[in-house]
Each structure stands twice: as structure tokens, then as C-alpha cells.
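One structure is given here, and the rest of the page talks about it.
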Amino acid sequence: MKNRDRPNILIFLMDTQPVRNMTPYGFPKDTTPNIQRIADEGVVYENHFVTGSWTVPSHASLFTGKYQSGHGAGVSYEFLSRDMPTMAEVLARAGYQTVAFSNNGWVNQDETDICRGFEHYTLVRRRGLKGQTVNVGPEDKLILEAGEDSGSAYTIRLVQDWFERSYNKEKPFFMFINCTEPHLRVWAPQPFRRRFLLEGVSEKEALEVNQDVHAERMGLVENRPDGHMTERDWEILKSLYDGETSCLDHRMGILFDYMESKDLLDETLLIITSDHGDLLDRRGYMGHHLALFDDLIHTPLIVRCPSLLPKGKRIKHLVQICDWLPTFIDLLGIEDPTVNREVQGVSLVPTWDDEPVRDFVVAEYQKPLQTIERALRRDPEFDYRPWLRRIKTIRTLEWKYIWYSDGKDMIFNIRSDPGERENLIEEERAKAKELRRQLERFLLTIERRDYGDKLRNHSFRKVRWENVHRMKAWGIYRELRFPT
């Protein structure tokens, strides 16, 4: 290997991509042939979990090696504190070129500060009708026609351009790519949409299926007697999702082929993962907020590097997204007391020899001020109190306990009920108590960050500050101010 045995590092994050519809995880449709090729040549982690259910906390955990309580960024505080070292900063000091391309407006350098430390950073907005660029959120009405790009095609061209113009072959690179094809709204360009659309469904019917997460959460879905999506609606939506996953897989294949042609692929530790999944078949839930079910926090992790990892291996051990910074520190022999003291994850290097590194995984969800504020735009009289709870979960290979701050806890036997449909809290109170104590003991071991509440005026979300003032009046939005 070149560069004094320091591998290049590429993290390709498929935003909002669950394991549910990926070929390496047993999906019967051939949605991801290019990712399957990487899986066949590398390692598939069967039990990889994120630390939160949406973009900000998961990316913050990836880049800091911390749990959500450890870095403090989430749905009520949408920023990464500047006093925490990031992956890009650590690897830059280790001699890496650092470069990032993000399709997600939350993953940036100038607002949330999640991408702090990258020497070269590009926010790639989707290129929509007539070539205009747009910020993208789940409420967007943008529809892509045949051949139009929802972000990744342009991103791959930018990546290739960086290799041609800016890459210093004398130094290893650390590259991060975020592409948002699987994120609602899902409407892939042809031929991907047609290839996976549910049999018997017309384009017109598919176009009319609800993709408004707040409508489903609030029971306001149009043309449905009870205001909620039907089973057929969900199945259509899942098939549209499959098209987006396939589209992104195709674009990823273009990048992998390019890197192979430049003799870069075998010199690179390639990591394919996701920040969270989506809830697509639970009444009253949709998208990736207000819950910590496995559909949200169980995400893909596929790793390839011929000089470091075995070929065609599947690893069942539990791992988390916050484990990658400790892994790089271990792999590269980085000795920095400040960084080593800050990280809370564990190195994955032992798992390459089939050694477990965790007995359980943990995920958290903050008080959902962002979600409440957006619901109040739809209905100023909406009673958001059922949503006003914090959530934490601890999961082993057999059991999963979900703690809710309102006391409505859940426990599931994952082996017999992987879909988490049968809450056993009445039958398994002793097991729930055991896991709750284990979770509390763990939470007491990590340094916690609590910065109060702070929403940002995201360029496409447009926080309505009258809603924030209403939440302040009820005492649920608290800005921390200290007496002088």
C-alpha cells in the first residue's frame, strides 16, 4: 500500500437508507448490485446502529466519536459545539487531505458546523427542473423527470473533478460523501422508478401517494377517511423508495468504477453506511422523528479494503456509528491525549478478527422542538403534548428496551419479533428493569453536554419564531442564560 501504509479513507453515506431494501441484507429485489459487489469483496456488518434517528445527531456522532448525550446536537439543539475535535481535524493532523461533498443542508460548515475541519467542502444542492438548484426537505414538491439529477450524479462528477484537479497523490485522502436519494420525497428518475414500482400501479396513482410526514403524523392525509395512509399507500411508497435506492447504487457504481480505473479503489478503506432509516408502515409515524424503532436506527455498514479486511465476511457483532473515529485512531496509531479522552465509541479493528467489542448499543432522541414547531405551522391548535417526550433505547442481540420520559416504555424480544410489533412490557417487567438499570449505568459513565434549546433558521425550513415564542411561554423551549 502507498502512503506509508496509511490507507485512503472514503465514507459514502447514503442518507436515510435503511437495511430493509438492500441486496446484501437479504432484500429479494436487485436494488443494489454495485453495493453487493463491494460487499462480496469486503465485510458486511449485520448489526450496525446509529446513535439517533435523524441527520444531525448521527453525523455528529460519526465525526466526534460520541453518543448524542456526549455531543449534545439533536432535535432541540441543532449545532455541534466548536470545542470538540472532529474526524476531519484529527485526520488532517495525521497528514490526510480532507474533502467532503454533501447533498444534505444539515451537514455543513457554516450553520450546524458538523463538517468542521474539512479543507475542501462542497454543499451540493439538487439540480431540479430547468437546471435550477434547490434546497431539499421532505415537504418539497420537486418532481424529477427522466434523466434529471436528484444530487448524486452531479456529486460524482464533482468528486471525479477533485481527483483530476486537486488530489495530491503524495498524501492519503479522507473523503466524505453524503447523497440524499433515499430521503423523502422519493421520486427517482427513469428507468429506476419504473423498474421497481409496485405491480399494477400507474404513475398517476404513485404520484398521488402521500409523502408529507406531518400529514401522516397528525392524521391529515387527504382523501383518506381516517386521515392516515392505507396499507396499499405504504407499499407504493416503499416501491418508490426502492427506485431511489437503486438510482443511488447506480451512481455509486460509477464512482467505484472510476476509482478502480485510477488504481485508487484497492488503496482505499471504503465505508458504505447511513445516518438513519425511515418509518414507512407504522400508523401515525412517518419519516425519522418521534421514535427509535430499528427501522430508524439499524443501518447498513459495508466495508472494503483488501489489505486490511477479509473478503466476503459477515460480522454479527454489535457496532455503532460513533465507533469510526476510535477505529481510525487505533488503525493509524494516533496518540493525542485530548482526542483519545474525548471519544466515547470503541475501535472496530478487533471485529475484523471476529472479536466482539460491545454487549449493547444505545440511541437517544431529544425533546422534539423542531418537529413540534413544524407541526404548529400546519395547525396552530395542534396538541403536541403526546410528542413532548425524550426517548432512549438500549439494545442487545436478543432484547430491546425503549425508555420514554412519559413512562410509556416498551420492550421487545428481537429474536422472535424483529419488527418490534409486540410490546412485552407487561410480561417482561423484570427484564425491562434490568435493561433500564444497565442503560442508566452506562449513561452515567459518559460526559454529557446540555446546551439548552436552540433551533436554527435553516435556509429551507424557515423557523417561524412566533411558534418558538409560544413554546417558550409554555416553558418547553428553554434558552440557557446565566446571571452576570
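The values are calculated or read from the model by the stated rules, or taken from the named source; none is laboratory data. Since we're looking at a predicted model, the values are computed, not measured. Backbone-built Cβ (ideal geometry, glycine too); neighbour counts: all protein chains shown.
I'd like the full set of residues that are of a type outside the set (S, T, Y) and either assigned by TED's automatic domain parsing to the domain that holds R217 or surrounded by fewer than 18 Cβ atoms within 10 Å (Cβ to Cβ) (or both), limited to region 389-408.
R389, R390, L397, E398, D406, G407, K408
Any residue in region 161-183 that is of a type outside the set (V, I, T), out of contact with any His (no Cβ under 6 Å at 6 or more places or on another chain) and within 30 Å of R385 (Cβ to Cβ)?
Yes; the residues of region 161-183 include at least one that is of a type outside the set (V, I, T), out of contact with any His (no Cβ under 6 Å at 6 or more places or on another chain) and within 30 Å of R385 (Cβ to Cβ).
Kindly indicate whether P386 is surrounded by 21 or more Cβ atoms within 10 Å (Cβ to Cβ) and either among the small types (G, A, S) or out of contact with any Gly (no Cβ under 7 Å at 6 or more places or on another chain) (or both).
Criteria not met by P386.
If I ask for residues that are surrounded by 21 or more Cβ atoms within 10 Å (Cβ to Cβ) and of a type outside the set (A, V, I, L, M), which ones from region 212-227 would you list?
E216, R217
Quick one: count up the residues across region 187-209 that are in contact (Cβ under 8 Å) with a residue 60 or more places away in the chain and either in contact with a helix residue (DSSP H, G or I) (Cβ under 8 Å, 6 or more places away or on another chain) or under 16 Å from K29 (Cβ atoms) (or both).
The number of residues fulfilling the criteria is 1.
What number goes with the only condition from (1) in contact (Cβ under 8 Å) with a residue 40 or more places away in the chain; (2) surrounded by fewer than 24 Cβ atoms within 10 Å (Cβ to Cβ); (3) in a helix (DSSP H, G or I) that Q36 does not pass?
Unmet condition: (1).
Take region 298-345 and flag every residue that is assigned to a loop (DSSP other than H, G, I, E, B) and within 19 Å of the chain's Cα centre (by Cα).
Within region 298-345, the subset assigned to a loop (DSSP other than H, G, I, E, B) is 299-300, 305-312, 333-336, 343-345.
Across region 298-345, the qualifying residues are T299, P300, Q344, G345.
Would you confirm whether or not region 103-119 contains a residue that is outside any loop (DSSP other than H, G, I, E, B) and touching a residue at least 60 places away in the same chain (Cβ under 8 Å)?
In the first step, residues of region 103-119 are kept if they are outside any loop (DSSP other than H, G, I, E, B); the result is none.
No, the conditions are met nowhere in region 103-119.
All but one of (1) in contact with a strand residue (DSSP E or B) (Cβ under 6 Å, 6 or more places away or on another chain); (2) closer than 30 Å to I476 by Cα; (3) crowded, with 24+ Cβ neighbours inside 10 Å hold for T351; state the number of the condition that does not hold.
Only one criterion in (1) in contact with a strand residue (DSSP E or B) (Cβ under 6 Å, 6 or more places away or on another chain); (2) closer than 30 Å to I476 by Cα; (3) crowded, with 24+ Cβ neighbours inside 10 Å is unmet by T351, namely (2).
Kindly check whether there is at least one residue in region 310-327 that is in contact with a Lys or Arg (Cβ under 9 Å, 6 or more places away or on another chain) and over 30 Å from N21 (Cβ atoms).
Looking for residues that are in contact with a Lys or Arg (Cβ under 9 Å, 6 or more places away or on another chain) and over 30 Å from N21 (Cβ atoms), one finds none in region 310-327, hence no.
Could you count how many residues in region 248-271 are in a helix (DSSP H, G or I) and over 18 Å from the mean Cα position of the chain (by Cα)? Outline the logic, then answer.
We begin by selecting, within region 248-271, every residue in a helix (DSSP H, G or I); these are 248-261, 265-267.
Remaining after also requiring over 18 Å from the mean Cα position of the chain (by Cα): 250-251, 253-261, 265-267.
So the count comes out to 14.
Just to be sure before I move on: is W352 under 19 Å from I11 (Cβ atoms), of a type in the set (F, W, Y), out of contact with any Ser or Thr (no Cβ under 9 Å at 6 or more places or on another chain) and modelled with pLDDT of 95 or more in the structure I sent?
So W352 passes the test.
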